[in-house]
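Here the structure comes first, spelled out in structure tokens, and everything after it is commentary.
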Amino acid sequence: MDPESHDRAMATVSHVPTCFPCLLMELASREQEADQEHLPDSRRGFRDMTRIAASSPDMWLDIARENRAFIVERLKEYGQSVAWLLAVLEDGDDEALRTMFVDAAAAREELNGQIGDPVRGALQRVAAGPGRAGVISRITTAVGSIGINIEGHKHHAPARGETGILALKVLGEQSAAEASAHLRTLGYRATTGKV
């Protein structure tokens with residue numbers, strides 16, 4: 001894949017979808033200010049949808065800066081989709097609404113069939129020492145260099161003088177084992193475990 005196609009695709013499947021949980025959390029935060037009683041009882045779907053909002057702000061700021069043009073392009077397209085959905089809801093067009101839900105479910109099932117269900121993947125935990133600038137980038141680049149895709153990640157920041165943890169989710173136990181072995185050859189302490 002050429003770099004431009006890659007950046008456009010990543011804007012669609014990663015970078016723009018990361019913006020939405022942040023906006024949703026902002027909306028939920030305003031709701032919590034108005035109604036302290038009910039928001040803490042968050043349903044699992046809400047927690048799943050907003051999980052990525054807890055990712056590293058600095059990392060996502062860097063990504064947004066680097067891929068700004070394609071993120072803007074995709075957000076404009078999503079904006080058109082949101083405008084369409086608003087019109088459908090305001091018009092009470094239940095048939096169009098149902099078609100959207102049916103098409104989305106079918107597309108998601110097709111995607112599951114192509115890549116497998118990431119929930120059945122393995123969690124790759126990588127321990128990295130404090131004070132090493134760019135360590136997240138080096139670790140993720142190292143895993144990508146051996147052809148393993150990262151499905152998700154979380155950085156557990158260290159307390160002063162302690163070791164931080166970078167948890168990478170990859171699809172499949174074999175991929176996790178290969179990533180772990182490769183990272184150990186680069187001097188990282190790495191362990192694997194089930195999601």
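The values are calculated or read from the model by the stated rules, or taken from the named source; none is laboratory data. As the structure is a computational prediction, the values presented were derived from the model and not from experiment. Because the Cβ atoms are built from the backbone with ideal geometry, glycine has one as well, and the counts that use them run over all protein chains shown. Please note that ligands, DNA and RNA were not included when accessible areas were found on the heavy atoms of the full protein model with its side chains. Shrake-Rupley method; radii C 1.70, N 1.55, O 1.52, S 1.80 Å.
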Sorted by accessible surface (1.4 Å probe, heavy atoms of the protein chains only), largest first, Leu168, Leu61, Leu97 come out as Leu61, Leu97, Leu168
In nm, the gap between the two label points placed 7 Å beyond Cα toward Cβ at Glu33 and Ser145 is 4.6
With every protein chain in place, the accessible area of Asp91 for a 1.4 Å probe, in Å² rounded to the nearest 10, comes to 120
